[in-house]
1. Out of contact with any helix residue (DSSP H, G or I) (no Cβ under 6 Å at 6 or more places or on another chain), of a type in the set (Asp, Glu) and buried (at least 16 other Cβ atoms within 10 Å of the Cβ): is that true of Asp107 in this structure?
2. I'd like the full set of residues that are in a loop (DSSP other than H, G, I, E, B) and either within 10 Å of the chain's Cα centre (by Cα) or of a type outside the set (Lys, Arg) (or both), limited to region 117-144.
3. Among the residues of region 166-206 satisfying the criterion of being in a strand (DSSP E or B) and more than 14 Å from Ile44 (Cβ to Cβ), which is nearest to the chain's Cα centre (by Cα)?
4. Kindly indicate whether Gly194 is surrounded by fewer than 18 Cβ atoms within 10 Å (Cβ to Cβ) and closer than 23 Å to His37 by Cα.
5. Applying the selection to region 155-203, what residues are closer than 14 Å to Ala55 by Cα, of a type in the set (S, T, N, Q) and in contact (Cβ under 8 Å) with a residue 24 or more places away in the chain?
6. Restricting attention to strands (runs of 3 or more DSSP E) lying wholly within region 1-112, give those where 3 or more residues are of a type in the set (Phe, Trp, Tyr).
7. Test Ser181 against the stated conditions and say whether it is of a type in the set (Gly, Ala, Ser) and touching a helix residue (DSSP H, G or I) at 6+ places or on another chain (Cβ under 7 Å).
Amino acid sequence: MRLFRPFPFPELLYPEALFRISESAKELCLTFDDGPHPESTPGILSILEAHKVKAAFFCTGRDAEKFPELTRLLISKGHVIGNHGYEHLNGWKIKNQDYFENASRADEYTSSILFRPPYGRIRRSQYNVMKNKYRIIFWDLMPYDFDEKLGGQRAFNMLKTKIRPGSIIVLHDKVNTTCLSFLDAFINYALENGYAFVINPLSNKK
């Protein structure tokens, strides 16, 4: 079963984490997980630049270390960099100390301020420690652009029907993403329907 929004009542489990940037303003926040990667990042950047839209990229430390020129390019273009762990680890399946060390290892290559749990899976005990160091960012809407079986058109249609004021949208910066097939059309659709794209609520420091 696909949960296009996080599981029910996540704010109760993670009360200080961010899921939406607003509940009233017609603003959206685009975020991209798992990069950077030379087969996807340049295409995403080209589309964003054409629309003068800024986004937040939650990079794995491993890939940010492997492709430092892409990380520098993201920063030079005014995008926000976030921490997605050094390795893409599932917090439900790993010891707490290993989870903390994996995130800290990525600080040097990504961010020591913003953190997005890989898979959105983080134990409450992990969260209670991590929130003291990072601003933890989840999302309001995920169109499963990493699922090639779903396809780009269905992902695009889902975004069109489910965006709402303040949605933090998570897409993926990786080889098998379908977002490159609909990102331009989605940005046009959102702008034509009165939405603006912002990243300021994410870039603010704790």
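1. So Asp107 passes the test.
2. Across region 117-144, the qualifying residues are Pro117, Ile122, Asn132, Tyr134, Phe138, Trp139, Asp140, Met142, Pro143, Tyr144.
3. Going through the qualifying residues, I end up with Ile168.
4. So Gly194 fails the test.
5. Passing the criteria: Ser167, Ser203.
6. So the answer is none; nothing clears 3.
7. Taking the combined requirement at face value, the residue satisfies it.
Read-outs throughout are calculated quantities, based only on the coordinates presented, and are distinct from any laboratory measurement. Note that this is a predicted model, so its numbers are computed, not measured. Because the Cβ atoms are built from the backbone with ideal geometry, glycine has one as well, and the counts that use them run over all protein chains shown.
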